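Shown next, in structure tokens, is the structure this report addresses.
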Amino acid sequence: MRFATILSVAALIATATFAQTTPPVPKAETPNPDIYYKLAPDAMVQDGVPKGEIRGPFTLPSQAYPGTQHTYWVYVPAQYDPAVPASLMIYQDGQAFMNPDGDIRAHVVMDNLIFRREIPVMIAVFINPGRTPEQPEPTPSNWGDRDTNRPTEYNTLDDKYAKVIVDELMPVLFKEYNISKDPDRHGIGGSSSGAIAAFTVAWQRPDQFHKVLSNVGSFTNIRGGNAYPDIIRKSERKPIRIFLVDGRNDNRGQRPNGVYDQGWDWFYQNVRMQQALTEKGYDVNYSWGIQKHGQKMLQTVMPEMMRWLWRDHGVSTDVNDMVERSPAAKKK
């Protein structure tokens, strides 16, 4: 018995020594899933398609967040006619959505789709999160999470950021441009925290916004955003149409201590949003891919998101309406 015990101890020591000295077996390399997304043709400049104008930057002082200001730009399509009310689309993290070398290139998408009558003529606004005059302007490499008011404005489930959009920005836009007052013709969108901000604006002010574009939405426990599915189920259905996009390789809830937390799982929480909205009877569409946390899927799906959200815009069936049929003419 003693001899057997000695052998067992020796075996354990040898095993431990082997485990300490043998290098770990390397894991198979996993390709970056984002490499499988490429710019769609409608996100690229096309010959013969007139380009809209991006005006700005402009500065919007904020009363909702005293001491801060928002920088924004306005996209005016070539087909805009001041005599005809246009639709409206507002993008949070505007610098990213209008970046000519970025993944989204929303102004290029709108140029192409408006030209082909696939979405209505619309004014678009690219608005950055608020900041104090001393804080830096967000950029494609720094969206402002650590040095602007972005976390507070975008992730908090209250009506303060909706006041920025509805009470501060929109009156300026209505004064400068002929924009329809119909909320069916108002859309709002964003990525990550900008996406939950867009949804919150529509949720708080469905009298103003009926369309929401959401990419990798932060419906997570940054500031309680993972409560939205339960809030949706318990509330009366609102007239909101929404397109959700996320990837299976988004942030998946692995906390710094190594513990998994569903409240911080972006993909899981986006699926929960889709399920709650569907169960409640919302007009909801979604696309689940393999992207990480970012905008790579929008290279591919942004045009389709816009077509779907704006699919019921007005159309003429008059065979003699040559303005409707001509790609070059402005619609009166």
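The values are calculated or read from the model by the stated rules, or taken from the named source; none is laboratory data. These figures come from a predicted structure and were not determined experimentally. Cβ coordinates were reconstructed from backbone atoms using ideal geometry, including for glycine residues, and neighbour counts include every protein chain displayed.
Filtered by the rule that a residue be surrounded by fewer than 21 Cβ atoms within 10 Å (Cβ to Cβ) and of a type outside the set (Gly, Ala, Ser), region 80-95 gives 80, 81, 82, 84, 85.
Would you check if there is a residue in region 233-250 being more than 25 Å from residue 204 (Cβ to Cβ), surrounded by fewer than 18 Cβ atoms within 10 Å (Cβ to Cβ) and either of a type in the set (D, E, K, R) or touching a residue at least 12 places away in the same chain (Cβ under 8 Å) (or both)? Yes; the residues of region 233-250 include at least one that is more than 25 Å from residue 204 (Cβ to Cβ), surrounded by fewer than 18 Cβ atoms within 10 Å (Cβ to Cβ) and either of a type in the set (D, E, K, R) or touching a residue at least 12 places away in the same chain (Cβ under 8 Å) (or both). Look at region 129-144: where a residue is within 21 Å of residue 195 (Cβ to Cβ) and a partner is in a loop (DSSP other than H, G, I, E, B) and aromatic (Phe, Trp, Tyr), sitting 6+ places away or on another chain with Cβ atoms under 8 Å, you get 129/143; 130/65. Is it fair to say residue 150 is among the basic types (Lys, Arg), under 16 Å from the mean Cα position of the chain (by Cα) and more than 20 Å from residue 172 (Cβ to Cβ)? Criteria met by residue 150. A count restricted to region 198-218 and to residues that are part of a loop (DSSP other than H, G, I, E, B) and not aromatic (Phe, Trp, Tyr) stands at 8. For region 173-198, enumerate the residues that are touching a residue at least 24 places away in the same chain (Cβ under 8 Å) and of a type in the set (A, V, I, L, M, F, W, C). Selection gives 173, 179, 188, 195, 196, 197, 198.
Taking region 173-197 as the range and being assigned to a helix (DSSP H, G or I) and closer than 18 Å to residue 58 by Cβ as the test, the residues that pass are 173, 174, 175, 176. Taking first residues from region 95-112 that are assigned to a helix (DSSP H, G or I) and partners that are of a type in the set (Lys, Arg) and modelled with pLDDT of 95 or more, the Cβ contacts under 6 Å between residues at least 6 apart in sequence or on separate chains come to 111/51. Residue pairs whose Cβ atoms lie under 7 Å apart, separated by 6 or more positions or on different chains, with the first residue in region 47-70 and within 22 Å of residue 177 (Cβ to Cβ) and the second surrounded by 12 or more Cβ atoms within 10 Å (Cβ to Cβ) and of a type in the set (Gly, Ala, Ser), are 50/78; 51/78; 52/78; 62/130; 69/62; 69/130; 70/62; 70/130. I'd like to know if region 315-332 contains one or more residues that are in contact (Cβ under 8 Å) with a residue 60 or more places away in the chain and within 24 Å of residue 103 (Cβ to Cβ). Scanning region 315-332 turns up no residue that is in contact (Cβ under 8 Å) with a residue 60 or more places away in the chain and within 24 Å of residue 103 (Cβ to Cβ). Residues in region 165-172: is at least one in a helix (DSSP H, G or I), free of Cβ contacts under 8 Å to residues at least 24 places away in the same chain and either surrounded by fewer than 16 Cβ atoms within 10 Å (Cβ to Cβ) or in contact with a Phe, Trp or Tyr (Cβ under 8 Å, 6 or more places away or on another chain) (or both)? The answer is yes; a qualifying residue exists. For region 124-142, filtering for residues that are surrounded by 22 or more Cβ atoms within 10 Å (Cβ to Cβ) and not charged (D, E, K, R) leaves 7. One residue stands out in region 277-299 among those that are polar (S, T, N, Q) and in contact with a strand residue (DSSP E or B) (Cβ under 8 Å, 6 or more places away or on another chain): the one that is surrounded by the most Cβ atoms within 10 Å (Cβ to Cβ), namely 291.
Taking the criterion of being closer than 26 Å to residue 210 by Cβ and acidic (Asp, Glu), the residues of region 260-293 that qualify are 279, 283.
Looking only at residues of region 263-276 that are in contact with a Lys or Arg (Cβ under 9 Å, 6 or more places away or on another chain) and within 18 Å of residue 155 (Cα to Cα), we find that the one that is surrounded by the most Cβ atoms within 10 Å (Cβ to Cβ) is 266. Flag not set for residue 154, criterion: assigned to a strand (DSSP E or B), surrounded by 18 or more Cβ atoms within 10 Å (Cβ to Cβ) and not aliphatic (A, V, I, L, M). Looking only at region 291-332, count every residue that is closer than 30 Å to residue 202 by Cα and at pLDDT below 85 and tell me the total. Residues meeting the conditions: 2. Output yes when any residue across region 53-64 is out of contact with any strand residue (DSSP E or B) (no Cβ under 7 Å at 6 or more places or on another chain) and either closer than 12 Å to residue 124 by Cα or part of a loop (DSSP other than H, G, I, E, B) (or both), and no when none is. So far as region 53-64 goes, yes, one or more of its residues are out of contact with any strand residue (DSSP E or B) (no Cβ under 7 Å at 6 or more places or on another chain) and either closer than 12 Å to residue 124 by Cα or part of a loop (DSSP other than H, G, I, E, B) (or both).
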